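Okay, structure first, notes after.
The values are calculated or read from the model by the stated rules, or taken from the named source; none is laboratory data. Treat the numbers as computed from the prediction; the structure is a model and nothing was measured. Cβ atoms come from the backbone with ideal geometry, glycine included; neighbour counts cover every protein chain shown. Note: accessible area is taken over every heavy atom of the protein model, side chains too, but ligands, DNA and RNA are not part of it. Shrake-Rupley method; radii C 1.70, N 1.55, O 1.52, S 1.80 Å.
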Amino acid sequence: MLRCVSCLRGAMEDRIKHLEMIQAVIGRLSQHSFLIKGWSVTLVAAIIALSADGSDERFVWMAYFASFAFWCLDGHFLRTEKLFRALYDDVRQPGTEVPPFSMDTSRYKATCPNTLKVCFSWTLFLFHATVFASVILMMIVIVF
């Protein structure tokens, strides 16, 4: 009997460590998303400042590319975070089919929205569309 209790305790400790590993990945992905937003605003503002200085209007096109690229990258990180949240939710359930310490999220790809849908979720759309609209506004101001 004592051996069974020890086995259960070991299995529970393994599950807790597994959940901690997944939570660490989710935290890193969230941090990356935050950093992407900061870099997006900083880089786009710097490019617009360069183009507003009268050096070259083609810099505005670089701002379009940068804002679009950061938007897509942020969508990718948010989708990956959603996949790991689904894995976390599955691992925390008793009697889960997830192998111990597995970090494979492929089984959740069918239920998680694709990257394009995530990019147009309200949280990402409002932020990145505002940055994109700022580039459009600056192009209108600079060109005309």
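Some notes on this structure:
- 1.4 Å probe accessible area per residue over the chain, in Å²: 66
- Cα shape, the range 104-144, gyration tensor, a/c 1.5 rule: prolate
- Rg/Rg_ref, the chain, where Rg_ref = 2.2 N^0.38 Å and atoms are Cα: 1.50
- Ranking Val60, Val41, Ile26 by Cα position along the charge dipole of the chain, where only Lys, Arg, Asp and Glu carry charges on their C-beta atoms, puts Ile26 farthest toward the positive end.
- Note: relative contact order over the chain, using C-alpha pairs below 8 Å and six or more positions apart, is 33 percent.
- Here Glu97 sits with roughly 150 square angstrom of accessible surface, probe radius 1.4 Å.
- Total charge dipole magnitude, the chain, about the Cα centre, Cβ charges on Lys, Arg, Asp, Glu only, Debye to nearest 20: 520
- Ligands, DNA and RNA left out, the accessible area of the chain computed with a 1.4 Å probe is 68% carbon and sulfur.
- For the range 66-144, the average shadow cast by the Cα convex hull is 6.2 nm², which is a quarter of the hull's surface.
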